[in-house]
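What follows is one structure encoded as structure tokens, with my remarks underneath.
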Amino acid sequence: MEAAGRLAAALSGARRVTVLTGAGLSAGSGIPTFRGAGGLWRNFRAEDLATPEAFRRDPETVWEWYEMRRAAIAAARPNAAHRTIAAWSRRYERFALVTQNVDGLHEDAGTLGVVRFHGSIWRVACADGCAEGSASTGAGACPPEGWEDRRVPLPERPPRCPACGGLARPGVVWFGERIPGETLAAALDAASCDVFVVAGTSALVTPAAGLVEEAQGRGAFTAEVNPEATPATVSVDVAIAGKAEEVLPAVERMIAERAAER
Ligand code: OAD
């Protein structure tokens, strides 16, 4: 656990901490990851399901897949990794959690300062453009950021926009879509920190993956927590090979021990 000790030492002296998470963080809660063993993209092709083109072609199938994921997530609870990060979010002077996960488990654990990079699976938005004001429905009928709907299953599939009756879509960011400007700005701002921890992500999908390098360029101590090697493994200051739900609580115990010794 020498590597974990180095992260604990860095965190013990830190004022500004940022954590970037991906699907591996929720693996310990029983939610499948996208890539890797048993990953969601092993059985489904991303371009068949998580793109605007796929939705235009076959909204029924895309919704079926999201309904399956909503059901799995509804049954899941935050794990020890989510809880450790939540504790950090209340401790450090400046804290940010940038997550690519759409499951909401970080919020359920009580984490403050969450930047949701890829949206939320619990939000639904009009896909027919009534927010911009389509000719048939009148301007600004429903909010551009969509609405929350936690019903599992949804009463209607595909769901409809309550304002214009048009087709509704999951409130997530798909491949080929832009991260909202404010979200991107918040994530880039969070890259200015003392310690940057990247946990449970394959570090393949941009722009999230680029944040590690950005933080490093700005002088942060960088650490990765992942049972497998990723493109980030070779460049971080310390790579900890292990499961987030085991490593992060262990790091937290080391931080407490260091504090007790002082
Ligand atoms: P991936 O499925 O690509 O990667 C999950 C990572 O978690 C892998 O590197 C695993 O080794 C690691 N992992 C598995 N179990 C773990 C555990 N218990 N503790 C720590 N790590 C573990 O998921 P993401 O990196 O989140 O985007 O994928 C990024 C984006 O690609 C997703 O947000 C999604 C996907 O397509 C969109 O849908 C737009």
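The values are calculated or read from the model by the stated rules, or taken from the named source; none is laboratory data. Since the structure is predicted, the reported quantities are computational estimates derived from the model, not experimental observations. Cβ: placed from backbone, ideal geometry, glycine included. Neighbour counts: every protein chain shown.
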Based on what the data block shows, is Pro153 near the ligand (Cβ under 10 Å from one of its atoms), assigned to a loop (DSSP other than H, G, I, E, B) and modelled with pLDDT of 95 or more? no
Suppose the filter is over 20 Å from Ala256 (Cα atoms), near the ligand (Cβ under 10 Å from one of its atoms) and outside any helix (DSSP H, G or I); does Arg77 pass it? no
Restricted to the range 231-262 and to residues being in a helix (DSSP H, G or I) and basic (Lys, Arg), the residue surrounded by the most Cβ atoms within 10 Å (Cβ to Cβ) is Arg258
Quickly run through the range 170-193 and pick out the residues that are part of a loop (DSSP other than H, G, I, E, B), among the hydrophobic types (A, V, I, L, M, F, W, C) and either surrounded by fewer than 16 Cβ atoms within 10 Å (Cβ to Cβ) or within 13 Å of the ligand (Cβ to nearest atom) (or both). Val173, Trp174, Phe175, Ile179
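Just one of Pro207, Pro231, Pro249 is within 16 Å of the ligand (Cβ to nearest atom), touching a residue at least 40 places away in the same chain (Cβ under 8 Å) and farther than 15 Å from Val17 by Cα; which is it?
Working: Pro207 fails: touching a residue at least 40 places away in the same chain (Cβ under 8 Å); Pro231 fails: touching a residue at least 40 places away in the same chain (Cβ under 8 Å).
Sole residue among the options that is within 16 Å of the ligand (Cβ to nearest atom), touching a residue at least 40 places away in the same chain (Cβ under 8 Å) and farther than 15 Å from Val17 by Cα: Pro249.
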Under 6 Å between Cβ atoms, at least 6 apart or on separate chains: pull out the pairs that start in the range 89-106 with a residue that is under 30 Å from Tyr66 (Cα atoms) and end on any residue that is in a strand (DSSP E or B) and more than 16 Å from the ligand (Cβ to nearest atom). Ser89/Phe95; Ala96/Thr18
Regarding the range 215-230, can at least one residue be identified that is modelled with pLDDT of 95 or more, surrounded by 23 or more Cβ atoms within 10 Å (Cβ to Cβ), small (Gly, Ala, Ser) and in contact with a Leu (Cβ under 8 Å, 6 or more places away or on another chain)? yes
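Just name the residue that is nearest to the ligand (Cβ to nearest atom) out of those in the range 25-38 that are within 20 Å of Tyr66 (Cβ to Cβ) and not in a loop (DSSP other than H, G, I, E, B).
Among residues in the range 25-38 that are within 20 Å of Tyr66 (Cβ to Cβ) and not in a loop (DSSP other than H, G, I, E, B), the one nearest to the ligand (Cβ to nearest atom) is Ala27.
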